[in-house]
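Right, one structure below, let's go through it.
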Amino acid sequence: MAGGLNLYGFAGGDPINFADPYGLATDSIILESEEAKTLFDRTTRILKLAADREDRHNRRNVELLMDEIEKVRASDTDHLTVGIGECERGGFGCYDPDKGTLRVDVEYIRKASWSTRRPVTTAAHELGHFLDHRRFFGASDEAVAMSIEATLRRSLGMGPPGAPIRPSGTYHSLEGQPSVVP
Ligand SMILES: [Zn+2]
């Protein structure tokens with residue numbers, strides 16, 4: 001970027017309106033809102049920290065996931081859009097490989113499964129589907145999604161997928177602070 005400010009690389013290539021108040025559109029990972037940005041950042045941060053404590057298989061899955069996220073970030077043609085909101089076919093969350101969209105329906109989770117599931121576990125699960133689609137493991141895509149979700153859950157002391165979340169909702173996080181699971 002020596003020699004000048006590259007306005008076309010910023011704000012989704014819209015140098016006229018420069019409409020990017022949160023600085024969310026700086027690369028090919030498109031975070032639709034502040035809430036989506038927080039959820040994506042938190043989920044990937046926990047996964048990265050968690051990977052160190054995992055067995056080889058789960059650690060490898062997280063490493064591959066981070067590789068794929070970096071590839072999308074560096075790509076001119078790929079993108080991944082992360083948003084909070086309803087999925088076309090309903091459910092807690094969804095990843096659409098054709099559109100490159102990942103959504104987490106926080107309201108649906110709150111109403112249907114708040115005792116066992118949170119936005120951050122759903123985001124991890126859907127990132128597993130994203131990984132499976134990008135790497136074509138040949139395994140069941142649900143197995144990959146569960147592996148990523150379980151890695152995140154273990155790191156927060158949440159128990160396996162489907163297990164009740166303690167009513168207090170407070171966990172010892174890897175960063176050493178008690179934290180409320182989002
Ligand atoms: Zn799934």
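The values are calculated or read from the model by the stated rules, or taken from the named source; none is laboratory data. As the structure is a prediction and not an experimental result, all values here were calculated from the model. Glycine gets a Cβ as well: all are built from the backbone with ideal geometry, and neighbour counts include every protein chain shown.
The strands (runs of 3 or more DSSP E) located wholly in the stretch 74-182 that include 3 or more residues which are in contact with a Phe, Trp or Tyr (Cβ under 9 Å, 6 or more places away or on another chain) and modelled with pLDDT under 95 occupy 178-180.
Residues checked against (1) buried (at least 22 other Cβ atoms within 10 Å of the Cβ); (2) away from the ligand (no atom under 15 Å from the Cβ); (3) within 16 Å of the chain's Cα centre (by Cα):
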| site | (1), (2), (3) |
| --- | --- |
| His125 | yes, no, yes |
| Asp132 | yes, no, yes |
| Phe136 | no, yes, no |
| Ser140 | no, no, no |
| Met146 | no, no, yes |
| Leu156 | no, yes, yes |
| Pro160 | no, no, no |
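In a residue-by-residue description of the stretch 84-92, the property of being under 19 Å from Val144 (Cα atoms) and among the aliphatic types (A, V, I, L, M) applies to no position. Considering the conditions (1) in contact (Cβ under 8 Å) with a residue 12 or more places away in the chain; (2) surrounded by 13 or more Cβ atoms within 10 Å (Cβ to Cβ); (3) over 20 Å from Asp105 (Cα atoms), Arg60 is excluded by exactly one of them, (1).
For Asp52, the criteria (1) charged (D, E, K, R); (2) surrounded by 14 or more Cβ atoms within 10 Å (Cβ to Cβ); (3) more than 14 Å from the chain's Cα centre (by Cα) hold in every case but one, which is (2). Residues that are surrounded by 18 or more Cβ atoms within 10 Å (Cβ to Cβ) and either within 12 Å of the ligand (Cβ to nearest atom) or among the charged types (D, E, K, R) (or both) within the stretch 106-122 comprise Arg117, Arg118, Thr121, Thr122, listed in sequence order. Residues in the stretch 28-73 that are assigned to a helix (DSSP H, G or I) and of a type in the set (Ser, Thr, Tyr): Thr38, Thr43, Thr44.
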